[in-house]
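Chemist: Have a look at this one before I ask anything.
The values are calculated or read from the model by the stated rules, or taken from the named source; none is laboratory data. The structure presented is a predicted model; accordingly, all values stated were derived computationally and were not measured. FYI the Cβ positions are ideal-geometry reconstructions off the backbone, even for glycines, and counts take in every protein chain you see. For the accessible areas, the whole protein counts, side chains as well, though only heavy atoms, and no ligand, DNA or RNA atoms are used. Shrake-Rupley method; radii C 1.70, N 1.55, O 1.52, S 1.80 Å.
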Amino acid sequence: DPDALAALEEALRTPGALHVAIKDSPRFILPAALIYDAPLDSALGSDALGICPEFENAFRRGIALDKTPCFDPARGCPSHGKMTVVCPSGFWGFRHQLGMPASGSGETSPEIHFHGRPQVVVGVSTDPDFVLRAAHEDTLMQMRAGGLEWKYGDKREDVLALLKAEQPHLVYFFCHGFLSSTRRPGIQVGSRQSPAILPDNITAYRINWRQSRPLVFINGCGTGSVEPEQAFDMVSMLLRWAAASGVIGTEITIFEPLARDFAERCLGRFLGGEAIGEAVRQARLSLLADGNPLGLVYIPFLLPSLRLVEK
(Lines give C-alpha, C1' and ligand atoms only; values in the text may rest on other atoms or scores of the structure.)
Protein backbone atom coordinates (compact mmCIF):
# COMPACT_ATOMS: atom_id res chain seq x y z
CA ASP A 1 0.00 0.00 0.00
CA PRO A 2 1.81 3.17 -1.14
CA ASP A 3 0.00 5.34 1.41
CA ALA A 4 0.87 3.02 4.29
CA LEU A 5 4.47 2.84 3.12
CA ALA A 6 4.70 6.64 3.00
CA ALA A 7 3.26 6.91 6.52
CA LEU A 8 5.70 4.29 7.84
CA GLU A 9 8.65 6.02 6.18
CA GLU A 10 7.66 9.34 7.70
CA ALA A 11 7.24 7.84 11.17
CA LEU A 12 10.64 6.15 10.97
CA ARG A 13 12.45 9.34 9.90
CA THR A 14 12.53 10.34 13.58
CA PRO A 15 15.22 8.50 15.59
CA GLY A 16 13.65 6.37 18.32
CA ALA A 17 13.30 2.89 19.77
CA LEU A 18 12.37 0.25 17.23
CA HIS A 19 11.38 -3.29 18.22
CA VAL A 20 11.66 -5.99 15.55
CA ALA A 21 9.56 -8.79 16.99
CA ILE A 22 10.76 -12.36 16.43
CA LYS A 23 7.66 -14.53 16.46
CA ASP A 24 9.28 -17.83 17.36
CA SER A 25 13.03 -18.33 17.42
CA PRO A 26 16.25 -16.28 17.24
CA ARG A 27 17.32 -18.74 14.52
CA PHE A 28 15.57 -16.35 12.15
CA ILE A 29 18.18 -13.63 11.69
CA LEU A 30 16.85 -10.37 10.27
CA PRO A 31 19.77 -7.98 9.67
CA ALA A 32 17.64 -5.03 10.77
CA ALA A 33 20.60 -2.73 11.46
CA LEU A 34 21.62 -3.01 7.81
CA ILE A 35 18.23 -1.96 6.42
CA TYR A 36 18.66 1.25 4.40
CA ASP A 37 15.41 3.09 3.78
CA ALA A 38 16.41 6.30 1.98
CA PRO A 39 15.62 6.21 -1.78
CA LEU A 40 18.42 5.18 -4.16
CA ASP A 41 18.52 4.39 -7.88
CA SER A 42 19.86 0.85 -7.76
CA ALA A 43 20.16 0.60 -11.55
CA LEU A 44 23.09 3.03 -11.63
CA GLY A 45 25.47 0.79 -9.68
CA SER A 46 27.80 1.54 -6.80
CA ASP A 47 30.22 3.58 -8.93
CA ALA A 48 27.54 6.24 -9.35
CA LEU A 49 26.94 6.63 -5.60
CA GLY A 50 28.45 9.33 -3.41
CA ILE A 51 28.61 10.07 0.33
CA CYS A 52 26.30 12.65 1.93
CA PRO A 53 28.25 15.96 2.09
CA GLU A 54 26.72 16.82 5.49
CA PHE A 55 28.01 13.55 6.94
CA GLU A 56 31.39 13.94 5.26
CA ASN A 57 31.80 17.42 6.71
CA ALA A 58 30.92 16.19 10.21
CA PHE A 59 33.25 13.20 9.80
CA ARG A 60 36.22 15.35 8.78
CA ARG A 61 35.61 17.96 11.48
CA GLY A 62 34.98 15.47 14.30
CA ILE A 63 31.39 16.62 14.93
CA ALA A 64 29.14 14.17 16.81
CA LEU A 65 27.22 12.44 14.05
CA ASP A 66 23.89 12.27 15.90
CA LYS A 67 24.00 16.08 16.23
CA THR A 68 24.07 16.66 12.47
CA PRO A 69 20.97 17.65 10.43
CA CYS A 70 20.96 14.12 8.99
CA PHE A 71 19.68 12.74 12.32
CA ASP A 72 17.42 15.73 13.11
CA PRO A 73 13.84 15.18 11.86
CA ALA A 74 13.10 18.90 12.13
CA ARG A 75 15.88 19.71 9.65
CA GLY A 76 16.42 16.42 7.88
CA CYS A 77 19.32 15.23 5.77
CA PRO A 78 19.84 17.76 2.94
CA SER A 79 20.59 14.84 0.60
CA HIS A 80 17.40 12.89 1.33
CA GLY A 81 15.68 12.10 -1.96
CA LYS A 82 18.85 12.42 -4.03
CA MET A 83 19.02 9.09 -5.79
CA THR A 84 22.82 8.80 -5.90
CA VAL A 85 23.72 9.94 -2.36
CA VAL A 86 24.19 7.55 0.56
CA CYS A 87 23.86 8.91 4.11
CA PRO A 88 24.52 6.84 7.26
CA SER A 89 21.30 8.22 8.73
CA GLY A 90 19.46 6.00 6.23
CA PHE A 91 20.57 2.86 8.08
CA TRP A 92 18.24 1.71 10.85
CA GLY A 93 21.22 0.66 12.96
CA PHE A 94 22.66 4.18 13.01
CA ARG A 95 19.33 6.02 13.31
CA HIS A 96 17.35 3.93 15.80
CA GLN A 97 17.71 2.13 19.11
CA LEU A 98 17.11 -1.36 17.77
CA GLY A 99 16.01 -4.40 19.71
CA MET A 100 14.89 -7.86 18.62
CA PRO A 101 12.98 -9.34 21.57
CA ALA A 102 12.03 -12.97 20.95
CA SER A 103 8.46 -13.99 21.71
CA GLY A 104 8.09 -17.04 23.91
CA SER A 105 11.33 -16.38 25.81
CA GLY A 106 9.54 -15.66 29.07
CA GLU A 107 8.55 -12.52 30.92
CA THR A 108 10.67 -9.56 29.85
CA SER A 109 11.53 -6.61 32.06
CA PRO A 110 13.11 -3.34 30.90
CA GLU A 111 15.17 -3.16 34.11
CA ILE A 112 17.98 -5.22 35.67
CA HIS A 113 17.96 -4.48 39.39
CA PHE A 114 21.10 -4.55 41.55
CA HIS A 115 22.06 -3.60 45.10
CA GLY A 116 25.34 -1.83 45.82
CA ARG A 117 27.54 -2.87 42.93
CA PRO A 118 26.53 -4.68 39.73
CA GLN A 119 27.93 -8.20 39.51
CA VAL A 120 29.73 -9.12 36.29
CA VAL A 121 30.67 -12.67 35.32
CA VAL A 122 33.42 -12.74 32.69
CA GLY A 123 34.60 -15.76 30.70
CA VAL A 124 37.58 -15.36 28.38
CA SER A 125 39.65 -17.27 25.88
CA THR A 126 43.35 -17.51 26.71
CA ASP A 127 44.30 -17.85 23.05
CA PRO A 128 47.71 -16.11 22.80
CA ASP A 129 46.54 -14.49 19.56
CA PHE A 130 44.25 -12.30 21.71
CA VAL A 131 46.98 -9.74 22.28
CA LEU A 132 44.55 -7.02 23.41
CA ARG A 133 42.79 -9.09 26.07
CA ALA A 134 44.71 -7.96 29.17
CA ALA A 135 44.25 -4.26 28.40
CA HIS A 136 40.59 -4.92 27.53
CA GLU A 137 39.98 -6.58 30.90
CA ASP A 138 41.61 -3.66 32.75
CA THR A 139 39.37 -1.20 30.91
CA LEU A 140 36.22 -3.17 31.68
CA MET A 141 37.03 -3.41 35.39
CA GLN A 142 37.38 0.37 35.66
CA MET A 143 34.19 1.23 33.80
CA ARG A 144 31.69 2.04 36.52
CA ALA A 145 32.14 4.69 39.20
CA GLY A 146 31.77 2.87 42.51
CA GLY A 147 33.18 -0.31 41.01
CA LEU A 148 31.91 -3.68 39.87
CA GLU A 149 31.72 -7.03 41.64
CA TRP A 150 33.99 -8.89 39.24
CA LYS A 151 33.82 -12.70 38.85
CA TYR A 152 36.39 -14.00 36.36
CA GLY A 153 37.08 -17.33 34.71
CA ASP A 154 39.64 -18.30 32.08
CA LYS A 155 39.04 -22.07 32.19
CA ARG A 156 35.91 -23.87 31.01
CA GLU A 157 35.20 -25.55 34.34
CA ASP A 158 35.62 -22.28 36.25
CA VAL A 159 33.34 -20.37 33.91
CA LEU A 160 30.62 -23.03 34.12
CA ALA A 161 30.86 -23.01 37.93
CA LEU A 162 30.44 -19.23 37.99
CA LEU A 163 27.51 -19.31 35.58
CA LYS A 164 25.76 -21.85 37.81
CA ALA A 165 26.59 -20.34 41.23
CA GLU A 166 26.14 -16.62 40.62
CA GLN A 167 23.21 -14.32 39.92
CA PRO A 168 25.04 -11.74 37.77
CA HIS A 169 23.70 -8.58 36.17
CA LEU A 170 26.03 -8.78 33.18
CA VAL A 171 27.64 -11.88 31.63
CA TYR A 172 30.46 -11.12 29.23
CA PHE A 173 32.29 -13.62 26.99
CA PHE A 174 35.47 -12.55 25.19
CA CYS A 175 35.95 -15.81 23.40
CA HIS A 176 35.95 -17.89 20.25
CA GLY A 177 32.83 -19.18 18.62
CA PHE A 178 32.85 -22.95 18.13
CA LEU A 179 31.19 -25.50 15.88
CA SER A 180 31.28 -29.14 16.97
CA SER A 181 31.65 -32.14 14.64
CA THR A 182 27.86 -32.52 14.87
CA ARG A 183 27.36 -28.87 13.80
CA ARG A 184 26.40 -27.68 17.28
CA PRO A 185 27.46 -24.10 18.10
CA GLY A 186 29.26 -23.18 21.28
CA ILE A 187 31.39 -20.70 23.20
CA GLN A 188 35.06 -21.59 23.63
CA VAL A 189 36.75 -20.14 26.73
CA GLY A 190 40.13 -21.08 28.13
CA SER A 191 42.67 -22.60 25.73
CA ARG A 192 42.04 -23.43 22.08
CA GLN A 193 42.16 -27.12 23.05
CA SER A 194 39.39 -26.74 25.64
CA PRO A 195 35.92 -28.20 24.92
CA ALA A 196 33.29 -25.60 24.15
CA ILE A 197 30.32 -24.59 26.27
CA LEU A 198 27.38 -25.89 24.20
CA PRO A 199 23.71 -24.84 24.32
CA ASP A 200 22.61 -27.99 26.16
CA ASN A 201 25.18 -27.27 28.90
CA ILE A 202 22.81 -24.51 30.04
CA THR A 203 20.26 -27.12 31.15
CA ALA A 204 22.77 -29.85 32.11
CA TYR A 205 24.54 -27.52 34.57
CA ARG A 206 21.21 -26.02 35.76
CA ILE A 207 22.23 -22.47 34.86
CA ASN A 208 19.34 -20.21 35.80
CA TRP A 209 19.36 -16.48 36.48
CA ARG A 210 15.72 -15.81 37.29
CA GLN A 211 16.67 -13.63 40.26
CA SER A 212 19.07 -11.30 38.46
CA ARG A 213 17.94 -11.54 34.77
CA PRO A 214 21.31 -10.42 33.30
CA LEU A 215 22.36 -9.05 29.95
CA VAL A 216 24.62 -11.55 28.15
CA PHE A 217 27.21 -10.18 25.70
CA ILE A 218 28.91 -12.81 23.49
CA ASN A 219 31.96 -11.25 21.87
CA GLY A 220 33.16 -14.16 19.74
CA CYS A 221 36.24 -13.37 17.65
CA GLY A 222 37.86 -14.93 14.60
CA THR A 223 35.40 -17.74 14.01
CA GLY A 224 34.43 -18.15 10.38
CA SER A 225 32.85 -21.61 10.52
CA VAL A 226 29.75 -20.71 12.56
CA GLU A 227 26.74 -19.52 10.59
CA PRO A 228 24.40 -16.99 12.28
CA GLU A 229 21.50 -19.45 12.36
CA GLN A 230 23.70 -21.96 14.19
CA ALA A 231 25.27 -19.47 16.58
CA PHE A 232 21.93 -18.25 17.82
CA ASP A 233 20.88 -21.64 19.10
CA MET A 234 22.92 -20.51 22.10
CA VAL A 235 20.96 -17.25 22.20
CA SER A 236 17.69 -19.14 22.42
CA MET A 237 18.91 -21.26 25.34
CA LEU A 238 20.19 -18.22 27.24
CA LEU A 239 16.86 -16.43 26.83
CA ARG A 240 14.44 -19.31 27.36
CA TRP A 241 16.24 -21.51 29.90
CA ALA A 242 18.78 -19.34 31.69
CA ALA A 243 16.28 -16.41 31.87
CA ALA A 244 18.65 -13.75 30.54
CA SER A 245 16.96 -10.40 29.91
CA GLY A 246 18.76 -10.10 26.60
CA VAL A 247 21.68 -11.30 24.51
CA ILE A 248 24.03 -9.37 22.23
CA GLY A 249 26.01 -11.21 19.56
CA THR A 250 27.29 -10.75 16.03
CA GLU A 251 26.13 -11.83 12.60
CA ILE A 252 29.53 -12.32 10.98
CA THR A 253 33.14 -13.11 11.79
CA ILE A 254 34.77 -10.29 13.73
CA PHE A 255 38.31 -9.77 14.94
CA GLU A 256 39.81 -8.64 18.19
CA PRO A 257 40.25 -4.88 17.55
CA LEU A 258 36.58 -4.42 16.60
CA ALA A 259 35.41 -6.71 19.42
CA ARG A 260 37.36 -4.74 21.99
CA ASP A 261 36.39 -1.30 20.69
CA PHE A 262 32.68 -2.02 20.39
CA ALA A 263 32.39 -3.71 23.79
CA GLU A 264 34.18 -0.91 25.62
CA ARG A 265 32.14 1.84 23.96
CA CYS A 266 28.84 -0.01 24.45
CA LEU A 267 29.31 -1.46 27.95
CA GLY A 268 30.79 1.76 29.31
CA ARG A 269 27.47 3.44 28.59
CA PHE A 270 25.32 0.51 29.76
CA LEU A 271 27.19 0.13 33.06
CA GLY A 272 26.80 3.88 33.54
CA GLY A 273 23.00 3.53 33.46
CA GLU A 274 22.17 4.17 29.80
CA ALA A 275 19.56 1.99 28.08
CA ILE A 276 21.24 -0.75 26.07
CA GLY A 277 19.53 0.25 22.82
CA GLU A 278 21.05 3.73 22.94
CA ALA A 279 24.37 2.32 24.20
CA VAL A 280 24.56 0.06 21.14
CA ARG A 281 23.58 2.90 18.81
CA GLN A 282 26.11 5.33 20.26
CA ALA A 283 28.84 2.67 20.07
CA ARG A 284 28.02 2.20 16.38
CA LEU A 285 28.11 5.95 15.73
CA SER A 286 31.34 6.32 17.67
CA LEU A 287 33.01 3.63 15.57
CA LEU A 288 31.60 5.19 12.40
CA ALA A 289 33.11 8.54 13.41
CA ASP A 290 36.46 6.70 13.42
CA GLY A 291 35.78 5.36 9.93
CA ASN A 292 34.50 1.90 10.88
CA PRO A 293 30.86 1.01 9.99
CA LEU A 294 31.04 -2.56 11.35
CA GLY A 295 29.26 -1.77 14.60
CA LEU A 296 26.19 -2.65 12.52
CA VAL A 297 27.00 -6.37 12.77
CA TYR A 298 26.11 -6.61 16.48
CA ILE A 299 22.57 -7.91 17.05
CA PRO A 300 20.74 -7.05 20.30
CA PHE A 301 18.16 -9.73 21.18
CA LEU A 302 16.45 -7.64 23.85
CA LEU A 303 14.23 -4.68 24.59
CA PRO A 304 16.20 -1.54 23.65
CA SER A 305 14.95 0.13 26.85
CA LEU A 306 16.75 -2.47 29.03
CA ARG A 307 18.97 -0.78 31.65
CA LEU A 308 20.68 -1.30 35.01
CA VAL A 309 18.76 0.18 37.93
CA GLU A 310 20.03 0.35 41.51
CA LYS A 311 17.41 -0.59 44.11
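Chemist: State whether segment 174-311 is rounded, prolate or oblate according to the following rule on the C-alpha gyration tensor (a ≥ b ≥ c being the square roots of its eigenvalues): a/c under 1.5 gives rounded; otherwise a/b larger than b/c gives prolate, and the remaining case gives oblate.
Modeler: Details: a/c = 2.09, a/b = 1.19, b/c = 1.76.
It is oblate, given that a/c is not under 1.5 and a/b is not larger than b/c.
Chemist: Label-point separation (nm) for Val309 and Ala145, each offset 7 Å from Cα along Cα-to-Cβ?
Modeler: Placing both labels 7 Å along Cα→Cβ, they lie 2.1 nm apart.
Chemist: In segment 152-190, which trypsin sites (Lys or Arg not before Pro) are in a loop and have at most 15 other Cβ atoms within 10 Å, using DSSP for the loop call? Intermediate values should be presented prior to the final figure.
Modeler: Working: sites: Lys155, Arg156, Lys164, Arg183; in loops: Lys155, Arg183.
Counting only loop positions with at most 15 other Cβ atoms within 10 Å, the trypsin sites (Lys or Arg not before Pro) in segment 152-190 are Lys155, Arg183.
Chemist: With r defined as the distance between the Cβ atoms of Asp72 and Gln211 and R0 fixed at 45 Å, what FRET efficiency is calculated, to the nearest 0.05? Walk me through the numbers before you get to the answer.
Modeler: On the way: r = 42 Å, r/R0 = 0.94.
So, using R0 = 45 Å, E works out to roughly 0.60.
Chemist: OK, next. Could you calculate the contour length gain from Asn292 to Asn57, that is, 0.36 nm times the residue separation minus the distance between their Cα atoms, to one decimal place in nm? Before the final figure, lay out the partial values.
Modeler: Details: separation 235, 0.36 × 235 = 84.60 nm, distance 1.63 nm.
Taking 0.36 nm per residue and subtracting the Cα distance, the gain is 83.0 nm.
Chemist: Compute the accessible area per residue over the chain, keeping the other protein chains in place, probe 1.4 Å, unit Å². Walk me through the numbers before you get to the answer.
Modeler: Numbers: 14150 Å² over 311 residues.
Per residue, the chain has an accessible area of 45 Å².
Chemist: Please state the shape class of segment 130-226: rounded when a/c is under 1.5, otherwise prolate if a/b exceeds b/c and oblate if not, all from the C-alpha gyration tensor. Don't jump to the answer; show the numbers that get you there.
Modeler: On the way: a/c = 2.07, a/b = 1.23, b/c = 1.69.
Oblate is the answer for segment 130-226, as a/c is 1.5 or above yet b/c matches or exceeds a/b.
Chemist: Ok, one more. Quick one: with all protein chains in place, what share of the accessible area of the chain is carbon or sulfur, to the nearest percent (1.4 Å probe)? The partial results should precede the final answer.
Modeler: Working: 7450 of 14150 Å².
Using a 1.4 Å probe with all protein chains present, the chain comes out at 53 percent carbon and sulfur.
Chemist: Antiparallel as a % of all DSSP beta bridges within segment 105-195, to the nearest 5?
Modeler: Details: 4 of 15 bridges.
Antiparallel bridges: around 25 percent, rounded to the nearest 5.
Chemist: For labels at Arg184 and Leu132 in the simple 7 Å Cα→Cβ model, what's the distance in nm?
Modeler: Reported label-point gap for Arg184 and Leu132 is 3.2 nm.
Chemist: Here is a further query. List the aspartates and glutamates whose alpha-carbon lies under 19 Å from that of Lys82, not counting same-chain residues fewer than 8 positions away?
Modeler: The qualifying aspartates and glutamates are Glu9, Glu10, Asp37, Asp41, Asp47, Glu54, Glu56, Asp72.
Chemist: Provide the FRET efficiency to the nearest 0.05 for the Met83-Ala11 pair, computing r from the beta carbons and using R0 = 30 Å. All intermediate terms of the calculation are to be shown ahead of the outcome.
Modeler: Details: r = 22 Å, r/R0 = 0.74.
With R0 = 30 Å, the Cβ-Cβ based efficiency is 0.85.
Chemist: No partner Cβ under 4.7 angstrom, meaning no disulfide-compatible partner by this rule: which Cys of the chain qualify?
Modeler: Within the chain, the cysteines lacking a partner Cβ under 4.7 Å are Cys175, Cys221, Cys266.
Chemist: Which whole-Hz ³J(HN,Hα) couplings does segment 156-172 yield from phi under the Karplus relation 6.51 cos²θ - 1.76 cosθ + 1.60, θ = phi - 60°, glycine and proline marked x?
Modeler: So the Karplus estimates, Gly and Pro as x, are 4, 5, 5, 5, 4, 5, 5, 4, 7, 7, 9, 10, x, 9, 9, 10, 10 Hz.
Chemist: Treating only the Cα positions of the chain as identical point scatterers, give the base-10 log of I(q)/I(0) from the Debye formula at each q in 0.10, 0.12 Å⁻¹.
Modeler: -0.57, -0.81
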